1. Quick one: is residue 167 more than 28 Å from residue 72 (Cα to Cα), within 21 Å of the chain's Cα centre (by Cα) and assigned to a loop (DSSP other than H, G, I, E, B)?
2. Taking the stretch 221-256, which residues are without any contact (Cβ under 8 Å) to a residue 24 or more places away in the chain and either away from ligand 2 (no atom under 16 Å from the Cβ) or within 20 Å of the chain's Cα centre (by Cα) (or both)?
3. Hey, any hits in the stretch 225-240 for a residue that's touching a helix residue (DSSP H, G or I) at 6+ places or on another chain (Cβ under 7 Å) and assigned to a helix (DSSP H, G or I)?
4. Return the total of residues in the stretch 113-163 being within 16 Å of ligand 2 (Cβ to nearest atom) and more than 30 Å from residue 92 (Cβ to Cβ).
5. Within the stretch 280-311, which residues are assigned to a strand (DSSP E or B) and buried (at least 20 other Cβ atoms within 10 Å of the Cβ)?
6. Could you please find all residues in the stretch 353-372 being in a helix (DSSP H, G or I) and closer than 17 Å to residue 296 by Cβ?
7. When you go through 262, 307 one by one, which is the residue that is in the same structural domain as residue 203 (by TED's automatic domain parsing) and more than 14 Å from the chain's Cα centre (by Cα)?
8. At pLDDT 95 or above, in a helix (DSSP H, G or I), closer than 27 Å to residue 288 by Cα and away from ligand 1 (no atom under 14 Å from the Cβ) - does that describe any residue in the stretch 179-188?
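The values are calculated or read from the model by the stated rules, or taken from the named source; none is laboratory data. All of these numbers come straight from a predicted model, not from anything done at the bench. Using ideal geometry, Cβ is built from the backbone for each residue, glycine included, and neighbour counts are taken over all protein chains shown.
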Ligand SMILES: C[S@@+](CC[C@H](N)C(=O)[O-])C[C@H]1O[C@@H](n2cnc3c(N)ncnc32)[C@H](O)[C@@H]1O
Ligand code: SF4
């Protein structure tokens with residue numbers, strides 16, 4: 001079980017090139033009510049902005065984030081704006097439209113509304129605008145005031161993801177989360193009051209000390225709140241984190257794999273029955289509220305990432321930015337780039353990635369699409385492996401999917417199919 005993956009349906013397309021104008025109009029009313037002309041020929045593009053600041057470092061988190069550096073936010077913003085402008089000059093984006101934007105972290109709510117507005121203006125100038133862009137933002141419980149949430153809404157943010165993690169105080173403490181259980185509920189209420197009707201909540205399970213009953217209670221409580229989307233992540237031990245050191249030193253013991261799997265299976269079934277079908281290993285949504293941004297990642301839509309540690313995938317190239325705020329800002333200033341490295345995605349890499357990401361999606365891998373793109377009939381080339389996993393997979397409607405009995409083995413099955421046929 002891993003974290004973070006989604007699926008997307010490229011939909012409304014538009015070509016309103018006057019983004020600046022559009023933002024000003026929106027500030028008076030709401031620019032999403034303005035319909036840009038449909039342009040079938042445009043290509044969807046996703047934008048990601050990494051906000052690397054946090055109030056405290058959680059014991060398990062290896063995402064790039066730094067504590068006590070809020071005074072650097074103005075300088076960081078300057079670099080971001082410069083990076084966005086340079087990217088716009090470097091790439092020909094005339095055939096693209098912005099489908100989704102995601103402010104992730106770190107903690108994006110540490111940006112004041114006027115700072116976010118400046119960023120939005122720059123981002124919306126990058127290329128044509130989609131007719132119904134999904135613009136999402138992660139927030140931490142207790143860290144965004146109602147006033148700020150309303151301002152974010154006014155800026156066009158239309159999806160909020162709240163990192164609730166747990167409704168058990170002892171588990172929040174173990175994970176070094178600085179919010180209380182009550183803040184999960186009051187922040188959710190504030191997000192609703194601010195007018196958001198597309199809200200997601202993250203919960204973590206298989207935390208040392210967590211009982212199955214506590215996990216059941218967390219999910220039952222969350223379902224009573226009726227968010228549109230729920231992400232459930234099994235706690236993973238990442239190198240370089242405090243949790244890793246504790247586990248290594250024998251101070252902390254992770255839950256047995258069978259317990260972890262039991263919690264996952266129960267949660268997936270429960271959420272399904274409660275109106276939240278699973279659409280990706282860790283993600284569940286009311287129909288129509290699947291996270292389009294993540295789905296874009298998982299289905300090969302190109303994306304540009306801005307900020308330290310952000311990744312981009314554009315035209316067969318993957319690049320990633322420096323994982324250090326200071327060197328990233330220095331890079332932008334001196335060389336005009338915050339990137340540390342890049343790679344060309346070879347056909348075999350693209351093939352393997354398609355298998356890996358699509359098998360994490362409940363809808364599975366479209367075998368006809370795979371064969372068209374990679375000129376390979378997987379049913380023939382991987383016949384032996386498909387036989388080996390026969391009771392853990394389902395093949396129907398030209399899709400290869402993981403069966404319920406194979407959920408816990410998704411990675412192993414993918415891995416067997418990923419190696420190229422000899
Ligand atoms: C990196 S955080 C950023 C958003 C926000 N700061 C928060 O904490 O929710 C995104 C999600 O990844 C989850 N996450 C990070 N590291 C994880 C780990 N080792 N195991 C499971 N979930 C993890 C977080 O708990 C959160 O739900
Ligand atoms: S989990 Fe979220 S709040 Fe915690 S350190 Fe990571 S990014 Fe920051």
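1. no
2. 224, 226, 247, 248, 249, 250, 251, 256
3. yes
4. 11
5. 280, 283, 284, 285, 303, 304, 305, 306
6. 353, 354, 356, 357, 358, 360, 369
7. From the options 262, 307, the qualifying one is 262.
8. Checked the stretch 179-188: at least one residue is at pLDDT 95 or above, in a helix (DSSP H, G or I), closer than 27 Å to residue 288 by Cα and away from ligand 1 (no atom under 14 Å from the Cβ).
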